[in-house]
Amino acid sequence: MQAHVALPTAVDEAYTYEIPSEWGNIPEPGRRVLVPFGSRTMAGYVLEVEHAAPERRLKPILEVLDETPLFPEEMIPFFRWIAAYYLHPIGLVIQTALPAGLSVESHRVVVITDLGTTALREGSASREESEILAALAHGRPTRLSLLKNKLPGASTEAVLRRMAGMEWVRLENHLKTDTVRPLKVKTYKAMCLSARATPKQKAVLEYLWERGETSRPRILESLPGCDSTLRSLEKRGWVRAGARKVYRNPFGEEYSISGSPPLLTPEQAQAARVLAGAIQRKKYEAFMLFGITGSGKTEVYLEAVKSVLGEGRSALILCPEISLAAQMEGAFRSRFGDSLAVLHSGLNPGQRYDQWMRVIHGKAKVVLGARSAIFAPLEDPGLVIVDEEHEQAYKQEDGLHYNARDLAVVRARMSNAVVVLGSATPSFQTYHNSVRGKHSAIFLTERVGGGVLPEIQVVDMAREKPGTRFSSVLLKQLAENLDKGEQAILFVNRRGYASLLFCIKCRTTVECPHCHVSLTLHAPRSGHGEFLLCHYCGFKSSVPKTCSVCGSKHLVTMGAGTERMEEALSELFPSARIGRVDRDSVPTRSKLFRALRDFHDGELDILIGTQMIAKGLDFPGVTLVGVPGADQSLHFPDYAATERTFQILSQVAGRSGRRNKPGKVIIQSYLPDHYCIRHAKEHRFHGFYLEEITQRAELDYPPFCRLALVRVSSTDPIVVREAAGAVGDILKHASRGSRGVKVLGPAPAPIGKIRNRYRWHLLIKAADAGMLHACLDECMVRCRQAVRKIKADLVLDVDPSSML
Ligand code: ADP
Ligand code: ZN
Ligand code: ZN
């Protein structure tokens, strides 16, 4: 017998090992085994076991590490697909897929067996063996490392292996797992309404009688100081104490969970019916669920999961963020109880391992998680849901550069499952696929509780004084808001890392003559003045004094970041309480949540921030959203810049006036007539799509071509350039003959240096995925070798979502 084993190292193929013939227990696919690899011993993953006469002598597997497989066999083709598509070694793909705790927290232990005890008693063991057996005689599993410390003979390991072969000892792998300790709160429930109660007690009893079981913090919030009353009521048996797991949103508020589903709106019911029908067919089908904010998509997901469980199959739900996953967990837990497992990086390794094992053992048939949950070891998933599918958070940007949204579609296809891509602002790709009929479409067009989308006003910045940061309209509105004690959000697209040149007269940015993307303005460096650079092809030019289109001298620099905005604003409104949220000001999650909570609790008047504040969060006090530099991201050197700007504007607008107070949105733009701004103003997605698709077709960008980005980095600016050049030579040579593949670059990346590493990149444009992969398969091995030789690093990003 032999096994194909994938090793978590930079080799593309699985290696074949012999399964020692004396083993009765064949390690089936999905288990980890210990194997010799070169001079090392490594843990690998069994992919396949077969009977075959080996052509040459194979090295044997040393040991099986797992009692049960870590993933179902049906996932192996999925892993193989990923390895081939992203050109990533299969062993590393599997390592990425498995919970990190597995390798971090496991340690090996030795246990004595009955045969071993007998051998020790009868004295049939050698002196060395007896020493070991004596150390183990207590019968408890002993850590291998401790044993080695105790018996510092160099051969302990070999002796142990021999003894394991004679079944005197067993070598096992123990995982240190923290059991999941859910956060629990004390609850109280009224048992009766007693006539003998004191007025104070009566108040508490009536409150509880009406509300049913309620958590202690919430009771204390509503009836401050009733702590001792509660205790006396409990003593009398008039209320009963209990405990309940709590779910909190990022602000630390509790969710009220009701187990019974609400009555679905007609739109929701129709959507649920359509999905149930598809789920019953048990064939692959992809749906775009396009539902405006507040249209109740979660209820539709819950219904679909119910349908798939009814078919005896399992379900996977992805959320872009831990905080959003936590919000959703409450809803899913109340409906599916212990059948739910959660997988995200907010869990510690032990918890994640426990959740993983519950899925493996079939105890959990519904998995909810962030990006990496796409690898959940579910058997026979019949439904895969991707909520907020447009989010860039689904793209993993280091190691294996995968897109969990795309993989959701692949996994569903391989499993004959239904995939639902839900969003209020679908990604361009998903919407395009639905227009082409590749995905079916479901629309939710109304907010559940009624309510309307906010009114959006667009201010033409070309009519303001040149260089103005805040228009008079926005300032007036901000002042009014402050007077009324209402809150405002100012949204800034990304950090102001890049500056562009913009002509106020003819409203164009200065563009690269070769690539149709804006040139980036670079600040003077030693020996150079200011210059313009194309980050696609490397074209460089000096800074023009006049606009090349209209000849006007009114060129302005665009690109103020959050920090400068905050400064300017505190000068204008010295008494306002202003907070700033971006990666510089809140480097950690906990700080981010604290800032958001302060704002949520009304401790701040104005919040300035980047993307971080645009997502799914609900701030009840906000009645004004301002977007001072709406165009900024429109000109990013990225073909998807317009799509992203449209999405962000739509999402941010959704933050305003979500309760009963009407909301207002003010967008400042130099391009008020740009189709992105026009359609965002009217909440018109399809109109935007039609114009954007024309642009993409004209400029030949996805979906009309496929892209791969090769990024080279080094701590040395000369080396990185040389490496990029070498890659360029290989790629250009290979693509010379073929009409379907074009190579752009090498050029410095827009963000030229990150963590002391200089970055250059090349963009490969191919007519379709087949041609792209033909080129990559032909060249990447050589590119990697060339780069390694110069001691630089290479990263391949297939279907890049960011060109920065
Ligand atoms: P979306 O994700 O589409 O923005 P949600 O799923 O978060 O919307 O739902 C918005 C709100 O409406 C939630 O508070 C939810 O509990 C509530 N809701 C959803 N469906 C119904 C319904 N059929 N009846 C009453 N309330 C509902
Ligand atoms: Zn001009
Ligand atoms: Zn260019």
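Numerical summary
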read-out: Convex hull per residue volume in Å³, alpha carbons only, for region 33-83; value: 124
read-out: Entries of 306/438; 681/753; 765/791; 484/681; 306/591 with Cα pairs more than 29 Å apart; value: 681/753; 306/591
read-out: Under 19 Å from the Cα of residue 202 - aspartates and glutamates, other chains or at least 8 residues apart; value: 210, 213, 221, 227, 234
read-out: Region 443-466 and region 1-53: distance between their alpha carbon centers, rounded to Å; value: 59
read-out: Antiparallel content of DSSP bridges confined to the chain, in %, to 5; value: 60
read-out: Unit Cα scatterers, Debye sum, region 303-457: log10 I(q)/I(0) for q = 0.15, 0.16, 0.21 Å⁻¹; value: -0.82, -0.93, -1.48
read-out: Dipole of region 1-63, positive end: most advanced residue of 1, 42, 16 [Cβ charges, Cα centre]; value: 42
read-out: Residue-span extension gain [residue 591 to residue 18] - 0.36 nm each, minus C-alpha spacing; value: 201.0 nm
read-out: Histogram of C-alpha separations across region 410-503, 10 Å bin width, %; value: 10, 24, 25, 24, 14, 4
read-out: Whole-percent carbon and sulfur share, accessible surface of region 694-742, 1.4 Å; value: 49
read-out: Positive-end residue, the chain charge dipole about Cα centroid, Cβ charges, pick of 519, 305, 192; value: 192
read-out: Cβ crowding within 10 Å averaged over residues, with 60-68, 28-36, 638-646 ranked highest first; value: 638-646, 28-36, 60-68
read-out: Point-to-point label distance, residue 26-residue 455, nm (Cα→Cβ direction, 7 Å offset); value: 7.4
read-out: Cα-based Rg / Dmax (Å) for region 1-128; value: 17.0, 59
read-out: Relative contact order of the chain, defined on C-alpha pairs under 8 angstrom at six or more residues apart (%); value: 9
read-out: Cβ charges +1 (Lys, Arg) and -1 (Asp, Glu), total dipole of region 397-463, debye; value: 340
read-out: Nearby aspartates and glutamates by direct alpha-carbon distance to residue 297 (threshold 12 angstrom, same-chain neighbours under 8 apart not counted); value: 267, 387, 388, 446
read-out: Cα convex hull volume per residue for the chain (Å³); value: 220
read-out: Peptides 126-136, 626-636 ordered by average Cβ neighbours within 10 Å, highest first; value: 626-636, 126-136
read-out: Burial order of peptide ranges 570-578, 484-492, 787-795 (average beta-carbon count within 10 Å, highest first); value: 484-492, 787-795, 570-578
read-out: Total charge dipole magnitude, the chain, about the Cα centre, Cβ charges on Lys, Arg, Asp, Glu only, Debye to nearest 20; value: 1200
read-out: Sulfur and carbon atoms: percent of accessible area, region 314-379 [1.4 Å]; value: 46
read-out: Inter-centroid distance (Cα atoms) of region 588-647 relative to region 340-408, Å; value: 26
read-out: When each of 476/664; 363/395; 189/363 is checked by Cα-Cα distance, pairs over 23 Å; value: 363/395; 189/363
read-out: Protein accessible area in region 4-112, 1.4 Å probe - carbon and sulfur %; value: 50
read-out: Region 671-804 - convex hull of alpha carbons, volume per residue in Å³; value: 121
read-out: Between region 741-773 and region 197-230, the alpha-carbon center distance in angstrom; value: 63
read-out: Per residue value of the accessible surface for the chain (all protein chains in place, 1.4 Å probe), Å²; value: 45
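The values are calculated or read from the model by the stated rules, or taken from the named source; none is laboratory data. Values in this document were obtained by computation on a predicted structure and should not be read as measured data. Don't worry about glycine lacking a Cβ; one is built from the backbone with ideal geometry, like all the others, and counts go over all protein chains shown. Heavy atoms of the whole protein, side chains included, go into the accessibility calculation; ligands, DNA and RNA do not. Shrake-Rupley method; radii C 1.70, N 1.55, O 1.52, S 1.80 Å.
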